[in-house]
Every structure is written in C-alpha cells, then in structure tokens.
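The values are calculated or read from the model by the stated rules, or taken from the named source; none is laboratory data. Note that this is a predicted model, so its numbers are computed, not measured. For neighbour counting, all protein chains shown are included, and Cβ atoms are generated from backbone atoms with ideal geometry for every residue, glycine included.
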Amino acid sequence: MATKCIQMRNVTKKFRDFKLDNVSLEVPQGEIVGFIGENGAGKSTTINLLLNLIDKDSGEIEIFGLHYPKDETKIKQQIGVAFDECLYPEELTPNDMGIILSGIYKEWDNERYYQLLQRFSVPKMQTISSFSRGMKMKLDIIAAMSHHAKLLVLDEATTGLDPVVRDEILDMFMEYVKSQNSSILFSSHIISDVEKAADIVALIDKGRIIFREKKEQLLQRYCICECKTTIPIKYISRKETEKCVQYLIDKRDAQPNLKYRTAALEEILLFFMKGDTKCGD
C-alpha cells in the first residue's frame, strides 16, 4: 500500500457563511493530486487546514503520519508551499530571500535555487516590489522547490503565469515528483493544468468532496450522450444547450440503443460543477 503524505479524515470547519463539510482527502507518496473547484468551493480553506494556518472544528489530519501542533516544525521542514500571491517582503530581492530561507530550511539547496532563478529568468538582485504578478509567482514556486520537500502544496500557484511558462512549470512539477519521489497537492481552476500534470483529481464543491479518483479512471468511467430532447435515462449530470440535451453517464449504465461519445476531463468536471446533478432514471 502506498504511503500517504496527506490524510484528512472527516474534517469540518464552520464559518459564518460557509462550511467545509466532513472532508476526507488523501495524497499518496509519489503522486500529483489536482484539487479542482470553483472560487469559494473550499480549496483554500482545505489547504489552510493542512498547513495548520486555521484550526479545524473536528476530524483528523495527518501529514507524513505526524500531527499538529506537536510535530509542526518537523512537518513544515518537509513541505514546500506557494500561494496565489507571493507573501515575501517586497523591499527584498530574491538573493535576500535565498539567504533568509537557507537559515530556515535544513535541506535548503542554494545551488538549485539559483539554477531555477536563472532558468525562469527571475533577476536575483532586483527588488520583489518591481516584479510583475507572474514573476512573483515564479519566485514563490522556485523557493518552494528548493529545499527537497517531500510534499509541495500549491494554492492556485500557476495563476497569472503566461501559458508557456505555466507549461514549463507543470513539466518541472512532474520531473520533481519523479526525481524526488515526492508528492504535490495543487489547487487550480485551470482544468488544462490538472489534465496535464495530475495523477489523481479531487473535486470539491460547496465545501464537500464530490470525488477523488485517478485521472485515467475518470476518463474510462464516463461518457456523454447527446439527445435532441429529454429522455428517460439514468445519468450522473445533465446540461441543456440550444441544440440538444447532454447527459454525463457512467458507462456501466449505458443503453445499447443510444449513441455515446468519449468525455474529456474538462467536460466531466464541468458537468459535475455546472450541470443538473439530480440523477434520474
């Protein structure tokens, strides 16, 4: 059985106008988990709980088999983190940050850090305040990957990057997991990023995990039926367009008298997020 870098079991967190409801989520060692959901679905709340930035109301969280708050220092030495905004002091330079971070992380790799700065054209002696949003995100990701972390936790970290750089960073994520036998949990609303890099896809909606499945199994499991009118059929989710009614169907429920087509990952996720998910017969 694969070692679990992250195990969340039945975690709940209540706010005045939102509830993370009984969430369970696993990230196996050596896997990339793409965490998908609309804005406000609960992605950032889940990540903040995993990093012990906020307290859970109930449930259990294990990171590398360790627990907060007792093992917090040990846990965070092994995690690289990048958020949707760079939080480094803007009056500093990447060179300054390298010096500071080398005193925080025991496994800080100065050579790797400066190689990545050069690879992604991040000027090491320029103040962070002068950087574009995309440049700041690159710095954040580079720092997260420069201390041989066993787990990278990335919250919308590719947002704001141009498509070419984003594609190269996704390649780097996959190289990192393979070379370090590490894991990545990355939240994103960019479905193509998840489609390219993720081994496992987890969908959260309105504070609840809808599914967590291997990407290839998702693609093999579902198909789409398009009909001119509504028909009595067992479906997972349904959408009406100007031209037809589309049904997302589990292939096990497919009827031989109807025509089906393969569902792309983006279509599957949009059916779950945007479609009518009241299953019918």
Next item on the list: Tally the residues that are within 18 Å of residue 143 (Cβ to Cβ) and not β-branched (Val, Ile, Thr), restricting the search to the range 46-80.
Entry: 6
Item checked: Residue tally, condition surrounded by 15 or more Cβ atoms within 10 Å (Cβ to Cβ) and within 30 Å of residue 179 (Cα to Cα), over the range 1-29 -> 10
Note to self: I'd like to verify a number: residues in the range 184-215 that are without any contact (Cβ under 8 Å) to a residue 40 or more places away in the chain and in contact with an Asp or Glu (Cβ under 8 Å, 6 or more places away or on another chain), how many?
What the structure shows: 2
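Would a scan of the range 187-199 turn up a residue that is assigned to a helix (DSSP H, G or I) and under 30 Å from residue 255 (Cβ atoms)? Don't jump to the end; show me each part of the working.
First, pick out the residues of the range 187-199 that are assigned to a helix (DSSP H, G or I): 191-197.
Now restrict to residues that are under 30 Å from residue 255 (Cβ atoms): 191, 195.
Among the residues of the range 187-199, at least one is assigned to a helix (DSSP H, G or I) and under 30 Å from residue 255 (Cβ atoms), which makes the answer yes.
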Check: Hey, any hits in the range 107-114 for a residue that's charged (D, E, K, R), free of Cβ contacts under 8 Å to residues at least 12 places away in the same chain, in a helix (DSSP H, G or I) and more than 17 Å from residue 153 (Cα to Cα)?
Finding: yes
Checklist line | Answer from 135, 125 - the residue that is at negative phi, of a type outside the set (D, E, K, R) and either in contact with a Leu (Cβ under 7 Å, 6 or more places away or on another chain) or part of a loop (DSSP other than H, G, I, E, B) (or both) | finding: 125
Next item on the list: Determine which single condition residue 189 fails, assuming it passes every other condition in (1) modelled with pLDDT under 90; (2) surrounded by fewer than 20 Cβ atoms within 10 Å (Cβ to Cβ); (3) within 17 Å of residue 276 (Cβ to Cβ).
Entry: (3)
Margin query: Name the single residue that is modelled with the lowest pLDDT among those in the range 78-99 being more than 26 Å from residue 12 (Cα to Cα) and in a loop (DSSP other than H, G, I, E, B).
Written below: 86
